[in-house]
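This is the structure I want to talk about, given as structure tokens.
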Amino acid sequence: EQAAFFVLEAYDGVKRQNVLDSPAARAAFRIHCRYLWVVQLAAWLLVFSTILERPLWCTQPHTMEKVEHPCYNDMYPSFPIPYLSFNQHLWIEIPLTAVIIA
């Protein structure tokens, strides 16, 4: 257990001071190490979910006033991919953010 702590400390490059050495602290650290991949996966899914988010130039009212159909204009390049609506993207973003915060 202590070796795992030193490996993580070396990997992060951060010297940790005042390390608690109690059964509860060791259990919490084991839980942290066990579920760290879930948090990292949630972060990567958040990054990749922005690909399916409609570009800002398609949704901003002042752009839509200046250019007719900005998503289909050559001046604002877009790819022909299915975009999620704002509510659909919110349903993906909120649980992933909750996983990262928890």
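Using only Cα atoms and rounding to the nearest 10 degrees, what angle (0 to 90) does helix 2-12 make with the longest principal axis of the chain?
Long axis of 2-12 versus the principal axis of the chain: about 30 degrees.
Which of Ala102, His69, Ala25 sits closest to the plus end of the dipole of the chain, meaning its Cα is farthest towards the positive end, when Lys and Arg get +1 and Asp and Glu get -1 on the C-beta?
Working it through, the farthest residue towards the positive pole turns out to be Ala25.
Moving on. In the chain, what cysteines have no partner Cβ closer than 4.7 Å?
Singleton cysteines: Cys33.
How much of Arg16 can a 1.4 Å solvent probe reach, expressed as accessible area in Å² and rounded to 10?
Rounded to the nearest 10, that gives 80 Å².
What are the residues whose amide H is under 5 Å from the amide H of Val67, where those residues sit 5 or more places off or on another chain and H is modelled from the backbone?
Result for Val67 returns nothing.
Right, something else. Can you show me the helix-derived [θ] at 222 nm for the chain, built from DSSP H runs with n ≥ 4 at -39,500 (n - 2.57) apiece and divided by the number of residues, rounded to the nearest 500. Walk me through the numbers on the way to the answer.
Working: 5 runs with 64 residues, N = 102.
Result for the chain: -20000 deg cm²/dmol, rounded to the nearest 500.
Hey, got the dipole for the chain? About the Cα centre, +1 on K and R Cβ, -1 on D and E Cβ, debye to the nearest 20? Before the final figure, lay out the partial values.
Values: 7 positive and 9 negative charges, 80 e Å.
Taking the Cα centre of the chain as origin, the dipole is about 380 debye.
Can I ask one more? Taking a spot 7 Å from the Cα of Ala102 along the direction of its beta carbon, which residues of segment 43-58 have an amide N less than 17 Å from it?
43-46
Computed over the Cα atoms, what is the radius of gyration of the chain divided by 2.2 N^0.38 Å, N being its residue count?
On the way: Rg = 21.6 Å, N = 102, 2.2 N^0.38 = 12.8 Å.
Relative to the 2.2 N^0.38 Å estimate, the chain comes out at 1.69.
The values are calculated or read from the model by the stated rules, or taken from the named source; none is laboratory data. Values in this document were obtained by computation on a predicted structure and should not be read as measured data. All Cβ positions, even for glycine, are placed from backbone atoms using ideal geometry, and neighbour counts span all protein chains on display. Areas reflect the complete protein model, heavy atoms only, side chains present, ligands, DNA and RNA absent. Shrake-Rupley method; radii C 1.70, N 1.55, O 1.52, S 1.80 Å.
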